[in-house]
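The structure appears right after this line, and notes come after that.
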Amino acid sequence: MLTLGIDCSTQGVKAIVWDASAQKVVASAAINYGRDLPQYKSPDGFLPSGDVLVRHANPQMWIDAIEMVLAKLQHEGCDMGKIAAIGGDAQQHATVYLESFDPLVFSRSTSPIWMDSSTSEECACLDAKFGMRLREDTGSPAIERFAAAQVKKFAKESPLAYEKTKRIHLLSSFLSSWFAGEEMPVDLGDGAGMNLLNLKTCSWDEEICSAVADGLIEKLPGIAKDFSSSAGKLAKRFEKYGLRSGIPVVPFTGDNPASLVGCFAEKPGVAVISLGTSDVFFAAMDTYKIDPDGYGHVFGNPAGGFMSLSCVKNGSLARNRIREELGVDWKFFDETAFERTPPGNNGKRAFPFFEEEITPKHCACGIDASFDWEKASSEEKIRAIVEGQISNLRERTRWIGDFEEIKLTGGASLSKGIQSVVADIFGAKVSAIDVVHSAAVGGARLAERGVQ
Ligand code: XUL
């Protein structure tokens, strides 16, 4: 069976065709907004803004990119007629505001995306009103990029446009609706990144919704309890790409929940660490619990149960900065330094938080008190910062429990040194996995559930 997985990310859209029995990607195509849709003037996936805290995108750009990627897949020779179901994901937290779905009329011409952090005031207001309840019931404290704060700001600044808005979708539910030609529900994975969904009851939290804006609950889509029973059917207009109309379209989810499934890490006991610009940790959890310190978010796990996600801002950029400062090559940084130093580094750790850190909050660079940085060798410094980064991740995720296996992805995952430090500190088996398309594969794997 072949399924199609669509990944609508910050920089572009990817489509992969997944062979479910061979468990492999058999075709793929990608569109980059900057390169392929220059008319949207969003080379990095968002519109230029004079305010660094404001990050919006034109929602029409996402639709155009999807149409382009389907055309590309078809032109590259993919037998679209064999595809049996469609699933997908989108960057988390982006919201789409509709005056009407058919015909499509946006009531807000731009959509705030996950990089927007212009809503501190609204977050302070929600925290003051709900305090710990927000964290306990929605899985996260008030977060700038989440829908509650974003909608609150929109309703306050543009009351008429808010009133005209009939539906507020997450980008994920908007896109599955686009494929189905009718409105589709929000899935529990992505829906949890809104501060509006009560994860204990799996329904919109009436009290929180009404504190955000008048009439909000009526403007929200339904909630998908599972992928098979919530599937829609592909609209006729997609026949122009060779797809069969009527095949199941399962609810789309967020990119991180989709990656959990795409990395085959949807069962508790396995965690994924994506070592990129920032280091992102995610893992499935069988029961609902929250991070007592408020750093880890709790989202629904598309495969059932819950998942946690923690994001450490100072990842590869910090590692590269230290490497450049020391004037060593990657081989030295990734291997030699670790061969020449013992695990634990004789108690010398350093924390390379050059950018103001979010996990833990507002943290700047630091070193263990007994560590004389100036006198240390390059290899000691390298082990010190890698052990500092990984022990920070371990401490921030201890509330979840222990892990038997850690899967590493991203550019730094092939580093032998980093692999050994993760194994030592987490006390787990470590493997590097090649997951170029992990989110899209997750979407395609979830699509299998639509075919019963
Ligand atoms: C997660 C988050 C990002 C986006 C974009 O909370 O904001 O990872 O999903 O990838």
The correct count of residues that are part of a helix (DSSP H, G or I), of a type in the set (V, I, T) and in contact with a Phe, Trp or Tyr (Cβ under 9 Å, 6 or more places away or on another chain) in region 303-349 is 1
For residues in region 93-121 being touching a residue at least 60 places away in the same chain (Cβ under 8 Å) and part of a strand (DSSP E or B), which is most open to solvent (accessible area, probe 1.4 Å)?
E99
Top-ranked residue in region 79-92 [being under 16 Å from A29 (Cα atoms) and surrounded by fewer than 23 Cβ atoms within 10 Å (Cβ to Cβ); ranked as nearest to the ligand (Cβ to nearest atom)]:
M80
If you take the residues of region 228-249 that are of a type in the set (S, T, Y) and open to solvent by less than 30 Å² (accessible area, probe 1.4 Å), which of them is nearest to A439 (Cα to Cα)?
S230
Might you check whether a residue that is within 16 Å of the ligand (Cβ to nearest atom), open to solvent by less than 10 Å² (accessible area, probe 1.4 Å), in the same structural domain as G87 (by TED's automatic domain parsing) and aromatic (F, W, Y) occurs anywhere in region 250-265?
yes
State all residues of region 364-376 that are open to solvent by less than 40 Å² (accessible area, probe 1.4 Å), in a loop (DSSP other than H, G, I, E, B) and free of Cβ contacts under 8 Å to residues at least 24 places away in the same chain; if no residue qualifies, say none.
D368
Filter region 18-34 down to residues that are buried (at least 22 other Cβ atoms within 10 Å of the Cβ) and more than 16 Å from the ligand (Cβ to nearest atom) and give me whichever is farthest from K233 (Cα to Cα).
I31
Can you tell me which residue within region 142-154, out of those that are over 17 Å from the mean Cα position of the chain (by Cα) and open to solvent by 20 Å² or more (accessible area, probe 1.4 Å), is farthest from I290 (Cα to Cα)?
K153
Residues to consider are L188, L171, L197, L216; find the one that is open to solvent by 10 Å² or more (accessible area, probe 1.4 Å), of a type in the set (A, V, I, L, M, F, W, C) and in contact with a strand residue (DSSP E or B) (Cβ under 8 Å, 6 or more places away or on another chain).
L188
Among the residues of region 35-43, is there at least one that is basic (K, R) and surrounded by fewer than 17 Cβ atoms within 10 Å (Cβ to Cβ)?
yes
Residue pairs within 6 Å by beta carbon, gap of at least six or interchain, first lying in region 1-28 and of a type in the set (G, A, S), second away from the ligand (no atom under 16 Å from the Cβ) and in a loop (DSSP other than H, G, I, E, B), listed first then second, are A20/M1; A27/C78
So E67, is it closer than 17 Å to L175 by Cα, more than 16 Å from the ligand (Cβ to nearest atom) and assigned to a strand (DSSP E or B)
no
V298 under 30 Å from E136 (Cα atoms) and of a type in the set (V, I, T):
yes
Which of the residues belonging to region 269-298 are open to solvent by 50 Å² or more (accessible area, probe 1.4 Å) and touching a residue at least 60 places away in the same chain (Cβ under 8 Å)?
Y288, K289, P292, D293, Y295
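The values are calculated or read from the model by the stated rules, or taken from the named source; none is laboratory data. The shown structure was predicted, so the numbers you read here are calculated from the model rather than taken from an experiment. FYI the Cβ positions are ideal-geometry reconstructions off the backbone, even for glycines, and counts take in every protein chain you see. Protein only, heavy atoms only, side chains kept; ligands, DNA and RNA dropped before computing areas. Shrake-Rupley method; radii C 1.70, N 1.55, O 1.52, S 1.80 Å.
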